[in-house]
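Engineer: Below is a structure I'd like to ask you about.
The values are calculated or read from the model by the stated rules, or taken from the named source; none is laboratory data. Here the structure is a predicted model, which means the values were calculated and not measured. All Cβ positions, even for glycine, are placed from backbone atoms using ideal geometry, and neighbour counts span all protein chains on display.
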Amino acid sequence: AIARLQALPSGNLQKLVDTVVQEIFELTGYDRAMAYKFHDDDHGEVISEITKPGLEPYLGLHYPATDIPQAARFLFMKNKVRMICDCHAKPVKVYQDGKLSLDLTLCGSTLRAPHSCHLQYMENMDSIASLVMAVVINEGEDEDDSSAVEQQQQQQQQQPKRKRLWGLVVCHNTTPRFVPFPLRYACEFLMQVFAIHVNKEFELENQIQEKNILRTQTLLCDMLMRDAPLGIVTQSPNVMDLVKCDGAALLYNKKFWRLGLTPTEAQMRGIVVWLAEYHMDSTGLSTDSLYDAGFPGALALGDAICGMAAVRINSKDMLFWFRTHTAAEVRWGGAK
């Protein structure tokens, strides 16, 4: 299984996920195996799945963050493999020696009984037994709030990188099922190898993004070095060739030059006033939604304009890129 993961070409995260799900499905013999990825807002999505014939598919379903709350995610960071052999089994009471000064905790124990809410959750999914494995990866530097100096100090002190729960590989069975420790240990080791490859995919993605940024910076510098700044909208390549967008605009000497799909000039001036009032201390702004960013005139833009990136050339001149709305269907799982 590990050899097959290592033999996969880089640059295809979905293929990597599909392969590890296939391997776990074959190794464990459960009725269902799936990869469950956490999004930035902590809600989850089933991004890969294999089932035995006759089972309802969950692939593509999204589940709210409350289905796997923060406390449960914290436990997965400590105890990376969780097995429930039979959700109908009667729990066994644990008695604590009265001489102990601290309360007994089973957070790191595989013997910990599942919460009643989770048992109901399993019943709703027609699952009697489950095996859940955590996929823990390095915290991305772009998500790190520390400064570059602090990051350098951490590297010099050889402090371990921060970790985060990327997702779970989940197995379900419609009948009681026990997985012996050696096989569980093998699955945990496979998850560690899988997490390393996920890290590599993110590193590759970051390298590609950095190359694109350098390319964009080079093109923009070349454009600004032309005879007049207006060349970035009147000549080829123009400002729309820098980034994927539906429209772009240049504010230069208090005048607007617009390309493609953009707000009207009056609406553009409203955006400039809003940026000056609320984002004057920054070199620009990038948002998926002007409405969510708090722009008061967002509704007047209609469906044509949604996202915007704005960059200051100097204190008076600016560049803008715009994108339209993108429709997306999200299928939510769970009880209705």
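Engineer: Does T28 satisfy the condition of being crowded, with 17+ Cβ neighbours inside 10 Å, free of Cβ contacts under 8 Å to residues at least 60 places away in the same chain and out of contact with any His (no Cβ under 6 Å at 6 or more places or on another chain)?
Structural biologist: Here the answer is no, as T28 does not meet what is asked.
Engineer: For the range 1-89, list the strands (runs of 3 or more DSSP E) that sit wholly inside it and hold at least 1 residues that are over 21 Å from A113 (Cα atoms); which are they?
Structural biologist: 32-38, 44-51, 61-63
Engineer: Step by step: first the residues of the range 56-86, then only those that are at pLDDT 90 or above and touching a helix residue (DSSP H, G or I) at 6+ places or on another chain (Cβ under 8 Å), then the one that is farthest from V17 (Cα to Cα). Which residue is that?
Structural biologist: Filtering the range 56-86 for residues that are at pLDDT 90 or above and touching a helix residue (DSSP H, G or I) at 6+ places or on another chain (Cβ under 8 Å), the one farthest from V17 (Cα to Cα) comes out as I84.
Engineer: Let me ask something additional. Checking the structure you have, find out if any residue of the range 270-284 is of a type in the set (F, W, Y), within 19 Å of D246 (Cβ to Cβ) and either surrounded by 13 or more Cβ atoms within 10 Å (Cβ to Cβ) or in contact with a His (Cβ under 7 Å, 6 or more places away or on another chain) (or both). Walk me through it before giving the result.
Structural biologist: Initial filter on the range 270-284 (of a type in the set (F, W, Y)): 274, 278.
Now drop any that are not within 19 Å of D246 (Cβ to Cβ), which leaves none.
Among the residues of the range 270-284, not one is of a type in the set (F, W, Y), within 19 Å of D246 (Cβ to Cβ) and either surrounded by 13 or more Cβ atoms within 10 Å (Cβ to Cβ) or in contact with a His (Cβ under 7 Å, 6 or more places away or on another chain) (or both), which makes the answer no.
Engineer: Is there a residue in the range 311-323 that is over 25 Å from T234 (Cα atoms), among the β-branched types (V, I, T) and not in a loop (DSSP other than H, G, I, E, B)?
Structural biologist: no
Engineer: Here is a follow-up. Within the range 1-36, can you find the residues that are of a type in the set (K, R) and farther than 18 Å from V81 by Cβ?
Structural biologist: R4, K15
Engineer: Another question, if that's okay. I'm trying to understand the selection: among the residues of the range 276-314, which are among the polar types (S, T, N, Q) and closer than 25 Å to Q217 by Cβ? Even if it seems obvious, please write down each step before you answer.
Structural biologist: First, pick out the residues of the range 276-314 that are among the polar types (S, T, N, Q): 282-283, 286-287, 289, 314.
Residues satisfying the conditions are S282, T283, S286, T287, N314.
Engineer: Same structure, new question: Looking at this structure, is H279 in contact with an Asp or Glu (Cβ under 6 Å, 6 or more places away or on another chain) and either more than 21 Å from L230 (Cα to Cα) or not β-branched (V, I, T) (or both)?
Structural biologist: For H279, the condition - in contact with an Asp or Glu (Cβ under 6 Å, 6 or more places away or on another chain) and either more than 21 Å from L230 (Cα to Cα) or not β-branched (V, I, T) (or both) - is not met.
Engineer: Take R226 and tell me if it is exposed (fewer than 13 other Cβ atoms within 10 Å of the Cβ) and either touching a Cys at 6+ places or on another chain (Cβ under 7 Å) or at pLDDT below 80 (or both).
Structural biologist: On the way: exposed (fewer than 13 other Cβ atoms within 10 Å of the Cβ): yes; either touching a Cys at 6+ places or on another chain (Cβ under 7 Å) or at pLDDT below 80 (or both): yes.
Yes, satisfied.
Engineer: Filter the range 50-94 for residues that are of a type in the set (A, V, I, L, M, F, W, C), surrounded by 17 or more Cβ atoms within 10 Å (Cβ to Cβ) and more than 22 Å from V179 (Cα to Cα) and give the result.
Structural biologist: L61, I68
Engineer: Taking the range 47-105 on its own, how many of its residues are charged (D, E, K, R), in contact (Cβ under 8 Å) with a residue 24 or more places away in the chain and more than 17 Å from H172 (Cα to Cα)?
Structural biologist: Looking only at that region, the number is 2.
Engineer: Being without any contact (Cβ under 8 Å) to a residue 12 or more places away in the chain, within 25 Å of the chain's Cα centre (by Cα) and over 30 Å from S127 (Cα atoms) narrows it down to one residue among D288, D292; which is it?
Structural biologist: D292
Engineer: So, in the range 236-264, of the ones that are more than 35 Å from the chain's Cα centre (by Cα) and surrounded by fewer than 13 Cβ atoms within 10 Å (Cβ to Cβ), which residue ends up farthest from M318 (Cα to Cα)? Please lay out each step first, then the result.
Structural biologist: Restricting attention to the range 236-264, the residues satisfying the condition of being more than 35 Å from the chain's Cα centre (by Cα) are 236, 252-257.
Among the residues that remain, those that are also surrounded by fewer than 13 Cβ atoms within 10 Å (Cβ to Cβ) are: 236, 253-255.
Details: S236: 19, N253: 10, K254: 10, K255: 10 Å.
Going through the qualifying residues, I end up with S236.
Engineer: Still on this structure: Give me the pairs, please: first residue somewhere in the range 259-281 and hydrophobic (A, V, I, L, M, F, W, C), second residue anywhere and in a helix (DSSP H, G or I), beta-carbon distance under 6 Å, and either six or more positions apart or on two chains.
Structural biologist: Going by the 6 Å Cβ cut-off, the qualifying pairs are L259/V233; L259/M240.
Engineer: May I ask you to list the residues in the range 95-120 that are surrounded by 10 or more Cβ atoms within 10 Å (Cβ to Cβ) and part of a loop (DSSP other than H, G, I, E, B)?
Structural biologist: L104, L106, C107, S109, T110, R112, A113, P114, H115
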